[in-house]
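Working notes, beginning with the structure itself.
The values are calculated or read from the model by the stated rules, or taken from the named source; none is laboratory data. A quick note: this is a predicted structure, and the numbers were derived from the prediction, not measured. Methodologically, a virtual Cβ is constructed for each residue, glycine included, from the backbone with ideal geometry; neighbour enumeration extends over all protein chains shown.
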Amino acid sequence: MNDQTIETPGKHLLRCGPGEDILDLDRHLATGGFEAVKKALDMQPDAVREEVKKGNLRGRGGAGFPAGVKWGFIPADNPKPRYLLVNADEGEPGTFKDRYFLEHDPFPLLEGIIISAYAIGANTSYIYVRGEFVKQIRILEDCIAQLYKSGYLGEKVLGRDYKLDIYVHPGAGAYICGEESALMESIEGKPGRPRNRPPFPAVVGLFGCPTIINNVETMACVSLVFRHGAEKFVQMGLEKDGGPKIYCLSGHLKKPGLYEAPMGTNLKTLIYDYAGGTLDDRPIKGVIPGGSSTPVLTADEIDISMDFSSLAAAGTMLGSGATIVFTEGTCPVAVLKRISQFYAHESCGQCTPCRSGTGWLSRIVDSIESGNGRAGDCDLLLDAAGNISGNTICALGDAAAMPVTSFVTKFRDEFERHIAEGRCPYGN
Amino acid sequence: MTLAFTAESEEKFKALLGRYPNRQAALIPTLVIADREFGYLSREVMEYVAERLDLPKTYVLNTATFYTLLHKQPVGRYHVQVCVNVSCYLNGADHIADHLKRKLGIGFGEITEDGLFSLEGVQCLASCGTAPAIQVNDDYHENMTPEKADQLIDSLRQAGGGQ
Ligand SMILES: Cc1cc2nc3c(=O)[nH]c(=O)nc-3n(C[C@H](O)[C@H](O)[C@H](O)COP(=O)(O)O)c2cc1C
C-alpha cells in the first residue's frame, strides 16, 4: 500500500521511512517516546501554552494561525467542559500528509494531543478522520487502546491528577467538514454546514462548549516542541514560523511524495533536489503551492521560500503545504476545470454566492475547455469569482474563487485561445 | 421492524453511546456501521437507526443525505472509486477511469448486472503522491496502471464468484 517516497533527512516528523511504521507502544517508548508528555505534564498548563507560543508554531491545517495564541482564546472563567478537536479530514486536494501519522506513526500525534488537551484544560478529545481512511481509523484506534491499557490515557494520565479520553470520530465524505465549524456540526450529527462567527469555537464550540481545533501535523509539532524545547523547535524552521514542515509534492514529478524539510525551504529545492525534478525533465508550467485552493505560481515565480509569510507576500498561500506541479504541455484550462468541479461539488449550499457561484464558475470553465467558450468569458469568470470572495460564511467560497482568479489572470492568453479557436489547443 | 445489528455491530454501537454527551453525536458513526452492515441506507435502515438513537426520522434523513460515503442506493459488492481530482488527473486518472468503464461495461454511478461491481468517480482520496489512485471498498490501490487495474478486477471477480 505504501510505496510512495517518504524522505526523512531531519527525521523529526517523518521518522518512518517507506514501508516502516511504529505502531507498538513499547517500540515508541524505546525511541524516547512520551518523555515530551512527561515534561509537559510537569508544567502548569499556562506554561505549556507559553512554550508553544515561544516555538512560533503556526497551524498546519491551512490558515497558519499560531497554535499557542489560539489556545489562549478560551475564556478562563467559562465553567463548561472544554474540547480539543483534531482535524484529520485531510480533504484539500493535493494533501496527503496527515495520513502518514494515522497510518505509520500515530504516537507522536497522540502525544501532541495529550499535551495540547492538558494545556487547554480539556478532558475529551475527538479526532475527526475522513471516512475513506477505514484502515487508518483501525490503526489509530488500536494505538489509542494501547495507551489506555498502559495508563497513558483515562482517569489518571501517567498517574497524574488529569483525566483524558481520546476518541476517533469518522467523517462520511464531505470536504466541507474539514472546515472547523462544519466539523463541529458534523460531530453533532448534523450536515456539515459552517457556523457564523463570532462566536468563535474557543468560546462557543462543540456542544456549545469552548473548543480548540487543530490539525494533525500541528499536534505532532506540539510533541516536537516538548521533545526538543521551543528554542530548538524554532531553529528547525524560521524565526517567526518555527519547526519542520511536511511538504506534499505531487503532479508531474520524478519522485512525488512526502518530504520533511525546514519551514521556509525554497520551492525549487523541493522540486528539483527532493522530488528529483519533473517528469522527462520537462519545463515547469505552473505550481500550485499549498493545495488546490491556493493561487497558482508560474515558472518564473517559483524561486520562493515555502513558508506562510513569503507565500502570502507573493499573493498565494502555504495552505496545507500541498504542492502540485504541472509541466509544459499541460492545458491550464483542463487543470482549472478539475479544481472548479471539485469546489462546486463540495459547496454545502448554505450561502447563495458560493452555492450558485461555484456551479457557475465550473460550468464556464467547462465550456471554455470543451470549445464552447464565448468572448468575454474570462472577464465573466473574474467577475463571478470576485463576487464570491468575502461574501460567504466560510472560506470555501474563497477557496473556489482564488484558483479561478489566478489561473485566468496568469494563463489568460491560453483561455482566450480556447475561446477564439473553439477548441482545446491541447486536443483535450 | 425486522432489522437488527449483528452482535459485533451492536457492540460497536453500544461503545459509541458512551463517547458523547448526547445521542445525536453518535448518529454519523452509527450510520457508518449501518451502511456497512446492511449494504446501503435504505429507508428501513434509516428508520432503524432513528429508532435506536431515539431521533426523529427526518433528522436522520437530513444528515444521511448530506454525506457521499453514506450510500442511499445499493452499490456493488466491490465499490470501485476512481479519484478524478487534480494530481490523479495529471497522472492519467482519466485513462484508468476509461479502462475500468470498458472492462466492467458500466459508467460512473452504475452497477454491473451481477451486482459484483459498481463504479464511481470520486474527489481527492489523499493519495496524490501515489497517483493515480482508486479505492475499492476499504482498500486503496495506488500508482494505478491499466494492467494493475485488470489484475485487480480479475482477482476480485474470482474472489466474488463471478465469471
Ligand atoms: C473548506 C475548508 C476545508 C478545510 N479542510 C481542512 C482539512 O481537511 N484539514 C485541516 O486540518 N484543516 C482544514 N481546514 C482548516 C480548518 O478550518 C482549521 O483552520 C484548521 O483545522 C485549524 O488547525 P490548525 O490551526 O492546526 O492549522 C479547512 C478549511 C476550509 C475553509
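Data table
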quantity	calculated
Matching residues in the range B:98-150 - criterion: being hydroxyl-bearing (Ser, Thr, Tyr) and assigned to a strand (DSSP E or B)	B:Ser118, B:Tyr140
Which listed residue, of A:Thr392, A:Thr358, is surrounded by 19 or more Cβ atoms within 10 Å (Cβ to Cβ), more than 14 Å from every other protein chain (Cβ to nearest Cβ) and within 16 Å of the ligand (Cβ to nearest atom)	A:Thr392
Single residue of the range A:198-227 satisfying the filter (assigned to a strand (DSSP E or B) and under 17 Å from A:Phe101 (Cα atoms)) that is nearest to the chain's Cα centre (by Cα)	A:Asn215
Residue pairs meeting the criteria (Cβ under 6 Å; at least 6 apart or on separate chains; first over 20 Å from A:Gly61 (Cα atoms), in the range A:283-300; second surrounded by fewer than 23 Cβ atoms within 10 Å (Cβ to Cβ) and of a type outside the set (A, V, I, L, M))	A:Pro283/A:Glu328; A:Ile284/A:Thr327; A:Lys285/A:Thr327; A:Lys285/A:Glu328; A:Lys285/A:Thr330; A:Gly286/A:Thr298; A:Thr298/A:Lys410
Among (1) without any contact (Cβ under 8 Å) to a residue 40 or more places away in the chain; (2) among the hydrophobic types (A, V, I, L, M, F, W, C); (3) over 16 Å from A:Gly251 (Cβ atoms); (4) not assigned by TED's automatic domain parsing to the domain that holds A:Asp413 - the single one A:Phe308 does not satisfy	(1)
Residue identified as away from every other protein chain (no Cβ under 14 Å), farther than 18 Å from A:Ile176 by Cβ, modelled with pLDDT of 95 or more and surrounded by 24 or more Cβ atoms within 10 Å (Cβ to Cβ) among A:Leu381, A:Leu336	A:Leu381
Filter result for A:Ser292 (at the interface with chain B (Cβ under 9 Å from one of its Cβ atoms), among the hydroxyl-bearing types (Ser, Thr, Tyr) and either buried (at least 19 other Cβ atoms within 10 Å of the Cβ) or under 15 Å from A:Leu267 (Cα atoms) (or both))	yes
The range B:20-58, residues that are under 18 Å from A:Ala172 (Cα atoms), more than 19 Å from the chain's Cα centre (by Cα) and surrounded by fewer than 17 Cβ atoms within 10 Å (Cβ to Cβ)	B:Arg23
Selected residue (only one of A:Gly251, A:Gly189, A:Gly208 is of a type in the set (Gly, Ala, Ser), free of Cβ contacts under 8 Å to residues at least 24 places away in the same chain and away from the ligand (no atom under 14 Å from the Cβ))	A:Gly189
Within the range A:1-113, helices (runs of 4 or more DSSP H) holding 1 or more residues that are within 15 Å of the ligand (Cβ to nearest atom)	A:45-54, A:67-71, A:98-104
Meets criteria (surrounded by fewer than 19 Cβ atoms within 10 Å (Cβ to Cβ) and within 8 Å of chain A (Cβ to nearest Cβ)) for B:Asn91	no
Qualifying residue in the range A:38-50 (condition: touching a Phe, Trp or Tyr at 6+ places or on another chain (Cβ under 9 Å), of a type outside the set (S, T, N, Q) and within 24 Å of A:Gly319 (Cα to Cα))	yes
A:Pro79 over 30 Å from A:Ala172 (Cβ atoms) and free of Cβ contacts under 8 Å to residues at least 60 places away in the same chain	yes
Candidates B:Asp114, B:Asp150 - the one that is surrounded by fewer than 22 Cβ atoms within 10 Å (Cβ to Cβ), charged (D, E, K, R), more than 14 Å from chain A (Cβ to nearest Cβ) and more than 30 Å from A:Gly329 (Cβ to Cβ)	B:Asp114
